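*Asks:* Please read through the structure below; I'll follow up with questions.
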Amino acid sequence: VRNSGIDIPRERYMCRKKRGRIKLIMVCLFLSGICLFSGCMPSKEKEEIQEEVTIDFTVCHDENLPKELKQLIEEKKEKPFKLSYQTKEYTYIATGYGQQTMGGYSIQVKALYELENVVVFKTTLKGPNPEEEKEGVSYPYIVVKIQNLDKTISFR
């Protein structure tokens, strides 16, 4: 092989050629990685970029629930459940944590907000304080009432 008037052994020429290809492949992989990680956000992060609008809600006790909703909760309360129920004016959002081995549990609403096309409802089950522990089985659940928004409910 001749290069600029200098004779280069064929083996050295091939090694240079391979190194050049390897460098090119490495640069392409590096640039692809940069594009992939900087340009693509997971869908959860995209959702969080949307404007969150906090929703006013009322925690409902059994006596204030529609009869049909009470019946649904009674049927589902032994296992964890998530459901929504709509009337003309309100949407009721319910989350149950299933059968627990003792009483004294509480449920905290962490967040209730709306995004462009969904209502997000986040809750947490709080264990009983040692002085509040009660003997027997319990079925902790919470129902909140909001103005009817005609949006999908996302439970988290």
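*Asks:* Which residue pairs have Cβ atoms closer than 9 Å, lie 6 or more positions apart in sequence or on different chains, and pair a first residue in region 74-86 that is in a loop (DSSP other than H, G, I, E, B) with a second residue that is surrounded by fewer than 17 Cβ atoms within 10 Å (Cβ to Cβ)?
*Replies:* LYS77/GLY98; LYS77/GLN99; GLU78/GLY98; GLU78/GLN99; LYS79/GLY98; LYS79/GLN99
*Asks:* Go through region 64-83 and report how many residues are over 14 Å from THR123 (Cα atoms), open to solvent by 50 Å² or more (accessible area, probe 1.4 Å) and either aliphatic (A, V, I, L, M) or modelled with pLDDT of 95 or more (or both).
*Replies:* Here the count works out to 10.
*Asks:* I've got another one for you. Could you run through region 99-121 and say how many residues are of a type outside the set (A, V, I, L, M, F, W, C) and closer than 17 Å to LYS82 by Cα?
*Replies:* Selection size over region 99-121: 6.
*Asks:* Next up: Between residues in region 122-151 that are over 21 Å from TYR85 (Cα atoms) and polar (S, T, N, Q) and residues that are part of a loop (DSSP other than H, G, I, E, B) and at pLDDT 85 or above, which pairs lie under 8 Å by C-beta distance while being six or more apart or on different chains?
*Replies:* If the second residue must be part of a loop (DSSP other than H, G, I, E, B) and at pLDDT 85 or above, the pairs left are ASN129/GLY104; SER138/GLN99; SER138/MET102; SER138/GLY104; SER138/TYR105.
*Asks:* Continuing with this model, one more query. Show the residue pairs meeting these rules: Cβ distance below 6 Å; 6+ apart or different chains; first residue within region 88-112 and in contact (Cβ under 8 Å) with a residue 12 or more places away in the chain and part of a strand (DSSP E or B); second residue open to solvent by less than 60 Å² (accessible area, probe 1.4 Å) and among the aromatic types (Phe, Trp, Tyr).
*Replies:* TYR92/TYR85; ILE93/PHE121; GLY96/PHE81; LEU112/PHE121
*Asks:* Looking only at region 84-112, which residues are open to solvent by less than 50 Å² (accessible area, probe 1.4 Å), under 14 Å from TYR141 (Cα atoms) and not polar (S, T, N, Q)?
*Replies:* TYR92, ILE93, ALA94, GLY96, GLY98, GLY103, GLY104, ILE107, VAL109
*Asks:* For region 125-156, which positions are part of a strand (DSSP E or B) and more than 21 Å from LEU72 (Cα to Cα)?
*Replies:* LYS126, LYS134
The values are calculated or read from the model by the stated rules, or taken from the named source; none is laboratory data. Since this is a predicted model, take the numbers as computed values, not measurements. Ideal geometry is used to build each Cβ from the backbone, glycine not excepted, and the neighbour counts take in all protein chains shown. SASA here: full protein model, heavy atoms, side chains in, ligands and nucleic acids out. Shrake-Rupley method; radii C 1.70, N 1.55, O 1.52, S 1.80 Å.
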